[in-house]
Amino acid sequence: MTTWLWLIVPYVAFTSFVVGHIWRYRHDQFGWTTRSSQLYESRLLRLGSPLFHFGLLAVLGGHVLGIAVPASWTDAVGISESGYHLISVSMGTLSGLVCVAGLVILLYRRITVTAVRQATTRVDKLMYVLLVAAIGTGMLNTVGVNLLQGDYNYRATVSPWFRGLFTLSPEPGLMAKAPTSFQVHALVVLALLALWPYTRLVHVFSAPLGYLTRPYVVYRSRGDHLAARPYARAWEPPPPARPAPIVRMGRGPR
Amino acid sequence: MKLMAQLAMVMNLDKCIGCHTCSVTCKQAWTNRGGMEYAWFNNVETRPGQGYPRQYQDQDRWKGGWTLNKRGRLTLRSGSRFKRLLNIFANPDLPTVDDYYQPWTYDYENLLSAPAMDTIPTARPKSLITGEDTAVTWGANWDDDLGGGPAQIGRDPLLARVSRQVKLEFQQTFMFYLPRICEHCLNPSCAASCPSGAIYKRSEDGIVLVDQDRCRGWRQCVTGCPYKKIYFNHRTGKAEKCTFCYPRVEVGIPTVCSETCVGRLRYLGVLLYDADAVLAAASTPHEHDLYPAQLGVFLNPHDPRVVAEAERAGVPGDWIEAAAVSPVYRLIVDYQVALPLHPEYRTMPMVWYVPPLSPMVDALTQTGHDGEAAGNLFGAIESMRIPVEYLAELFTAGDVAPVRAALRRLAAMRTHMRAVNLGEPTQPAVAASVGLSTREIEAMYRLLAIAKYEERYVIPSAAVSQAHRLDALATGCSLNGDGGPGMTAFDAVAEKFHLTDTNGAGPNGKNGRINLLNWDGRNIDGLFPARAGTNEGGGRAE
Ligand code: SF4
Ligand code: SF4
């Protein structure tokens, strides 16, 4: 059971994450989009979306700090265990709350605004369930376990387990010792990662940082494919067809 | 100098009857798909009026186009690149579908399937977005034909800018139609605001397109375009825009809107321009100078140096030939009757308009005057402030002089042609007073009134003949230097309409002198008298 949950499931999720993205990037450029719903409704979105996204970015930063950076490193720069916990719990709670506030607004909007609700696909709904579960259990861990029950030093179990997966020296036993709420959080996030490439979450990987440096106006040549293209006047038979581009149009007519 | 070719359009507003055929055929061709129900790549709006989307010209609100920052550098009105990235999660300046209109259809099914009743079954309006019952309260041309009626007058952002007195005098109602497509700008702010770099300008023909595979749905371009000619497809999550019917023009046939235009008022042709000069022209400090600055970017296709440069730049031979007979060039540069739409947005738009003279003719006729007599018409153009100021807000950033000049040329054409048609003696002085010869006036009349298909649409096909490229290589560059004098269309214009003294207008012996009244501030050639004994009157000496 331990091997299954904390060794095989993570690697399956990572594989799905990586292979899924490569597959989608190569075969579905047209579907790779935020599919923003701001056109339908702007007021609530302008409130909820920045809260959610910036909160989530901060949460992500916190995870990198807590999981990727070993405790020995923070010790080395002179941050004590209790000091680290103070920082991580306070900052984590703050960014988590911002994120939750945004998520609540966005969910409210998605449910109450008809056009937005109707534009929600099945995979969107699954994604929302996992997202809510991931953020919910995460908040439970940060606020509930750390604050109310006293510190839990996840940097002795969860973090080394996670790093072990990447250094190819996995220790599934470490995770088995962690409290249930941490285990559930890890599993939900793994499920979300596995689903990631098949949802509109892919837009995370198009964060357009290149915009800061590229020239304002992009010129592109139309290419030489036209040189040899025959054109039939209306009264002539049409030229041999070129392979038609695949046309996809969202969800098609209702 | 970086010479490029651009496909451009001119519309003669006097001939638009507001039939919306162009909009409908365009919609059938390009946007009759899910997600684009509310989008009209071509729309026709009544001016004065709110436009589509509502009040899109109010850039204080929508933040479209460019502006000059404190240091005089060109920046997007919606903010720096960094600020735009920070706003990426929720665009504060994005119109929602209500600002366009809620697209709808009718429940026709009910007409056939309703059970027998005492009352006649109705076809209820249904929202095309949610499928639910909806109230129809606005549309893409809801204020059609209302003109400056009392309900509209406060809602047109342009009327808010003309002087108060003009507004008070707004008794003489006037209206005209303004068909609009994407301007395929030389300095497109839509492309500049796209974080993914998915919007590009084609280097061969200047058509601005959205790469559907690279668009990621950040919807910054919708804000960036001051003409609101980028539409967000809410089904696919990608931006879409007018394509200038590139699959058609590539094979030499006109765009759908031009082909089907009932008034035959659209002209398509090639313009050559200097891409390196665009940024400086778009950064011109004073808004009134933007129209002449854009003229200065176009190159004169009759100048052998321009032709040589075009060959060197790899422009195919049939494109160079097309540029020389371009109807668009004639209307914009030779006769100067076409004007750009909102040059103050600094995008250097490439769909230009011949302003309508008819409102003035009608007003004259209604007051019992002969609306086509030269004296009356010229007088009306001078004295009728309302239409002229309004047109100036549309076409020249509020500068009435170029609008008056264009209207005077149209008026001269009307008077002259009336005399010709009635067999009365013509008055060459009328033509001369607007800087044209009677032959030119008649040529302009032919182009504006009776030009055939092949004269209105001069579109070289995109199939590139490689052989031509080879001889172009051998020709090499015979340019004296970048931006050498006399190459730009502006110089041709300046000569023609007495902006300088080089056309024989100066006093004896001072022919190369610059006329300070019209000095464009570009160079100092001719500003100082020639040294005795030399003939260096200036760069423009004949
Ligand atoms: S008019 Fe066309 S080219 Fe110009 S900014 Fe708008 S969408 Fe871009
Ligand atoms: S088809 Fe021509 S005449 Fe009719 S509305 Fe369009 S531009 Fe005007």
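Of (1) out of contact with any Lys or Arg (no Cβ under 7 Å at 6 or more places or on another chain); (2) within 13 Å of chain B (Cβ to nearest Cβ); (3) surrounded by fewer than 21 Cβ atoms within 10 Å (Cβ to Cβ), A:Gly55 satisfies all except one. Which?
(3)
Output the residue which, of all residues in region A:23-51 that are among the small types (Gly, Ala, Ser) and in contact with a His (Cβ under 9 Å, 6 or more places away or on another chain), is farthest from B:Gln212 (Cα to Cα). Before you say what the answer is, go through the steps one by one.
Our first condition is that a residue be among the small types (Gly, Ala, Ser); within region A:23-51, this holds for A:31, A:36-37, A:42, A:48-49.
Those left that are additionally in contact with a His (Cβ under 9 Å, 6 or more places away or on another chain): A:36-37.
Working: A:Ser36: 15, A:Ser37: 18 Å.
Residue satisfying both the conditions and the ranking: A:Ser37.
When you go through (1) surrounded by fewer than 23 Cβ atoms within 10 Å (Cβ to Cβ); (2) more than 11 Å from chain A (Cβ to nearest Cβ); (3) in contact with a Lys or Arg (Cβ under 6 Å, 6 or more places away or on another chain) one by one for B:Gln212, which number turns out not to apply?
(2)
Residues checked against (1) within 14 Å of chain A (Cβ to nearest Cβ); (2) surrounded by 14 or more Cβ atoms within 10 Å (Cβ to Cβ); (3) of a type in the set (Lys, Arg):
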{"position": "B:Trp104", "(1), (2), (3)": "yes, yes, no"}
{"position": "B:Thr122", "(1), (2), (3)": "no, no, no"}
{"position": "B:Ile129", "(1), (2), (3)": "yes, yes, no"}
{"position": "B:Glu132", "(1), (2), (3)": "yes, no, no"}
{"position": "B:Thr137", "(1), (2), (3)": "no, no, no"}
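Could you check how many residues of region B:255-273 are touching a strand residue (DSSP E or B) at 6+ places or on another chain (Cβ under 7 Å) and within 14 Å of another protein chain (Cβ to nearest Cβ)?
So the answer is 1.
Based on this model, can you work out whether A:Ala186 counts as out of contact with any Lys or Arg (no Cβ under 9 Å at 6 or more places or on another chain), surrounded by 16 or more Cβ atoms within 10 Å (Cβ to Cβ) and over 19 Å from A:Ser90 (Cα atoms)? Reasoning before the result, please.
Numbers: out of contact with any Lys or Arg (no Cβ under 9 Å at 6 or more places or on another chain): yes; surrounded by 16 or more Cβ atoms within 10 Å (Cβ to Cβ): yes; over 19 Å from A:Ser90 (Cα atoms): yes.
Yes.
Picking from A:Leu86, A:Leu7, A:Leu47, which residue would you name as being closer than 30 Å to B:Tyr38 by Cα and over 18 Å from the mean Cα position of the chain (by Cα)? Give the derivation first.
Values: A:Leu86 fails: closer than 30 Å to B:Tyr38 by Cα; A:Leu7 fails: closer than 30 Å to B:Tyr38 by Cα.
Going through A:Leu86, A:Leu7, A:Leu47 in turn, the sole match is A:Leu47.
Do we find that B:Pro115 is within 11 Å of chain A (Cβ to nearest Cβ), assigned to a loop (DSSP other than H, G, I, E, B) and exposed (fewer than 13 other Cβ atoms within 10 Å of the Cβ) in this structure?
Taking the combined requirement at face value, the residue does not satisfy it.
Out of all the residues in region B:305-340, which are of a type in the set (Val, Ile, Thr) and not in a loop (DSSP other than H, G, I, E, B)? Full working, then the answer.
Step one: list which residues in region B:305-340 are of a type in the set (Val, Ile, Thr), which gives B:306-307, B:315, B:320, B:325, B:328, B:332-333, B:337.
Answer for region B:305-340, where residues must be of a type in the set (Val, Ile, Thr) and not in a loop (DSSP other than H, G, I, E, B): B:Val306, B:Val307, B:Ile320, B:Val328, B:Ile332, B:Val333.
Select from region B:366-398 the residues that are of a type in the set (S, T, N, Q) and assigned to a helix (DSSP H, G or I) and list them in ascending order. Steps first, answer last, please.
So the first thing to find is which residues in region B:366-398 are of a type in the set (S, T, N, Q), and the list is B:366-367, B:376, B:383, B:396.
Matches in region B:366-398: B:Gln366, B:Asn376, B:Ser383.
For region B:177-206, give me each residue that is in a helix (DSSP H, G or I) and more than 8 Å from chain A (Cβ to nearest Cβ). It would help to see each step written out before you state the result.
Residues of region B:177-206 in a helix (DSSP H, G or I): B:189-193.
Residues satisfying the conditions are B:Ser189, B:Cys190, B:Ser193.
Considering region B:207-228 alone, what residues qualify as being without any contact (Cβ under 8 Å) to a residue 60 or more places away in the chain and assigned to a loop (DSSP other than H, G, I, E, B)?
Hits for region B:207-228 are B:Asp211, B:Gln212, B:Asp213, B:Arg214, B:Cys215, B:Arg216, B:Gly217.
Every number in this text was worked out from the coordinates using simple rules, so none of it is lab data. Computed from a prediction, not measured in an experiment: that's the story for all the values here. Cβ: placed from backbone, ideal geometry, glycine included. Neighbour counts: every protein chain shown.
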